[in-house]
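A.B. asks: Got a structure for you, written out below as structure tokens; questions coming shortly.
The values are calculated or read from the model by the stated rules, or taken from the named source; none is laboratory data. As the structure is a prediction and not an experimental result, all values here were calculated from the model. Every residue, glycine as well, gets a Cβ built from its backbone with ideal geometry; the counts of neighbours run over all protein chains shown.
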Amino acid sequence: MRLTCPFCGSRGLEEFTYRGDATVRRPSADASQEAWVDYVYLRDNPCGPHRELWYHGAGCRSWLVVTRDTRTHQILDVRNARDVMLAERMSPEGKGEGS
Amino acid sequence: MADLLSATLPVVSDPVTVGGVTLELVPPTSIVSLGAFAGAGRDELVGRVRAEFGVDLPDVSRAVRSSYGNVAFLWNGPTQWLVVGEDSGELFSRLQKCCGDVCALTSQGDSRTILRLSGMGAREVATRLLPIDLHGQVFSTDCVASTLAGHIPVIVWQTAQTPAYDFLVFRSFASSLFHDLSVALNGHTFSETDHYA
């Protein structure tokens with residue numbers, strides 16, 4: 001499997017480390033216990049395209065949000081996680097979350 | 001009074017030449033990392049370096065050389081660069097005056113060692129260890145890449161069209177990389193290095 005880093009170009013899997021689900025979001029401090037348990041422990045195991053966090057440790061040391069099809073390992077999209085986070089904060093739904 | 005530790009070279013081997021390709025340890029150089037502070041730090045840093053050194057810090061994986069002193073700026077990740085220059089304290093103090101307040105400046109001279117592979121055929125030798133495409137159409141003079149040479153993290157910088165490659169490697173890995181490259185010089189691939197003492 002190869003990933004196309006937005007900074008370094010196409011690189012082999014050995015340069016990257018998998019972190020996990022990129023779709024989970026930290027609940028607010030006063031959220032219910034269920035919401036926190038869900039955030040900390042519970043993960044979906046989707047069949048199909050999934051957004052996940054990868055770290056390009058042997059390259060530019062950027063965190064990336066990779067959209068990968070879990071059935072075929074086809075890579076549909078790779079973005080800089082920082083840009084994804086900033087775009088989310090700017091959007092109306094994301095305002096105030098995590099900041 | 002205790003004796004001061006004397007500086008020893010990270011690689012004790014003499015330069016190796018096989019088939020016109022030479023592998024050697026580059027004499028100590030000053031290496032300083034620049035990390036722009038968040039916010040407006042990056043733009044400010046780019047402006048300061050332009051004013052002092054007359055070059056724009058690259059925003060792609062390349063090196064730019066300044067004509068004001070023998071200094072090169074290597075892209076080393078988003079908002080990070082390595083400055084490589086002659087071995088003296090001068091480079092660091094010059095950078096500190098120029099941009100010390102808008103970026104994190106760290107001397108990496110004791111951290112990184114440079115090995116140089118040069119001569120016709122150097123690309124074929126480098127390809128035996130590096131997983132990236134080094135073809136002249138996609139990797140030419142002053143292209144830079146952070147990657148793995150075998151299992152060793154390196155920053156590869158093509159310094160001449162000949163070709164010549166500088167490998168910026170952590171000092172403690174320099175001797176291992178020198179060994180791996182000298183094995184590659186003899187025509188062996190990385191997976192075969194274990195059989196070659």
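A.B. asks: Does any residue of segment A:32-49 turn out to be touching a residue at least 12 places away in the same chain (Cβ under 8 Å), within 30 Å of residue B:81 (Cα to Cα) and out of contact with any Lys or Arg (no Cβ under 7 Å at 6 or more places or on another chain)?
C.D. replies: no
A.B. asks: If I filter segment B:145-161 down to residues being within 9 Å of chain A (Cβ to nearest Cβ) and more than 10 Å from the chain's Cα centre (by Cα), which single residue comes out as surrounded by the fewest Cβ atoms within 10 Å (Cβ to Cβ)?
C.D. replies: Among those residues, the one meeting the criterion is B:151.
A.B. asks: For segment B:23-82, which positions are hydroxyl-bearing (Ser, Thr, Tyr), away from chain A (no Cβ under 14 Å) and surrounded by 14 or more Cβ atoms within 10 Å (Cβ to Cβ)?
C.D. replies: B:29, B:30, B:66
For (1) among the acidic types (Asp, Glu); (2) more than 13 Å from chain B (Cβ to nearest Cβ), each residue gets a yes or a no:
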{"site": "A:32", "(1), (2)": "no, yes"}
{"site": "A:39", "(1), (2)": "no, yes"}
{"site": "A:45", "(1), (2)": "no, yes"}
{"site": "A:49", "(1), (2)": "no, yes"}
{"site": "A:52", "(1), (2)": "yes, yes"}
{"site": "A:55", "(1), (2)": "no, no"}
{"site": "A:61", "(1), (2)": "no, no"}
{"site": "A:72", "(1), (2)": "no, yes"}
{"site": "A:79", "(1), (2)": "no, no"}
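A.B. asks: Separate question: How many residues, within segment A:50-92, are in contact (Cβ under 8 Å) with a residue 40 or more places away in the chain, farther than 18 Å from residue A:24 by Cβ and not hydroxyl-bearing (Ser, Thr, Tyr)?
C.D. replies: So the count comes out to 9.
A.B. asks: While we're here: With the condition kept exactly as written, say whether any residue in segment B:120-136 is among the β-branched types (Val, Ile, Thr), within 14 Å of another protein chain (Cβ to nearest Cβ), farther than 25 Å from residue B:30 by Cβ and crowded, with 21+ Cβ neighbours inside 10 Å.
C.D. replies: Looking through segment B:120-136, at least one residue is among the β-branched types (Val, Ile, Thr), within 14 Å of another protein chain (Cβ to nearest Cβ), farther than 25 Å from residue B:30 by Cβ and crowded, with 21+ Cβ neighbours inside 10 Å.
A.B. asks: Residues of segment B:144-169 being in a strand (DSSP E or B) and touching an Asp or Glu at 6+ places or on another chain (Cβ under 8 Å), which ones?
C.D. replies: Hits for segment B:144-169 are B:147, B:148, B:149, B:152, B:156, B:157, B:158, B:159.
A.B. asks: Still on this structure: Here are some residues: B:83, B:144. Which one is in contact with a Lys or Arg (Cβ under 7 Å, 6 or more places away or on another chain) and within 30 Å of residue B:8 (Cα to Cα)? Give the derivation first.
C.D. replies: Values: B:83 fails: in contact with a Lys or Arg (Cβ under 7 Å, 6 or more places away or on another chain).
Of the residues listed, the single one that is in contact with a Lys or Arg (Cβ under 7 Å, 6 or more places away or on another chain) and within 30 Å of residue B:8 (Cα to Cα) is B:144.
A.B. asks: Here's something else I'd like to know. Which residues, taken from segment B:88-101, are among the small types (Gly, Ala, Ser) and assigned to a loop (DSSP other than H, G, I, E, B)?
C.D. replies: B:88, B:89, B:100
A.B. asks: Does residue B:141 count as outside any strand (DSSP E or B), surrounded by fewer than 18 Cβ atoms within 10 Å (Cβ to Cβ) and at pLDDT 95 or above?
C.D. replies: Details: outside any strand (DSSP E or B): yes; surrounded by fewer than 18 Cβ atoms within 10 Å (Cβ to Cβ): yes; at pLDDT 95 or above: yes.
Against the criterion (outside any strand (DSSP E or B), surrounded by fewer than 18 Cβ atoms within 10 Å (Cβ to Cβ) and at pLDDT 95 or above), residue B:141 qualifies.
A.B. asks: Here's a follow-up. When you scan segment A:66-75, how many residues do you find that are under 17 Å from residue A:10 (Cβ atoms) and either part of a strand (DSSP E or B) or aliphatic (A, V, I, L, M) (or both)?
C.D. replies: 4
A.B. asks: Further, regarding this structure: I'd like the residue in segment A:1-30 that is in a strand (DSSP E or B) and touching a residue at least 40 places away in the same chain (Cβ under 8 Å) and, out of all such residues, is farthest from the other protein chains (Cβ to nearest Cβ).
C.D. replies: This residue is A:19.
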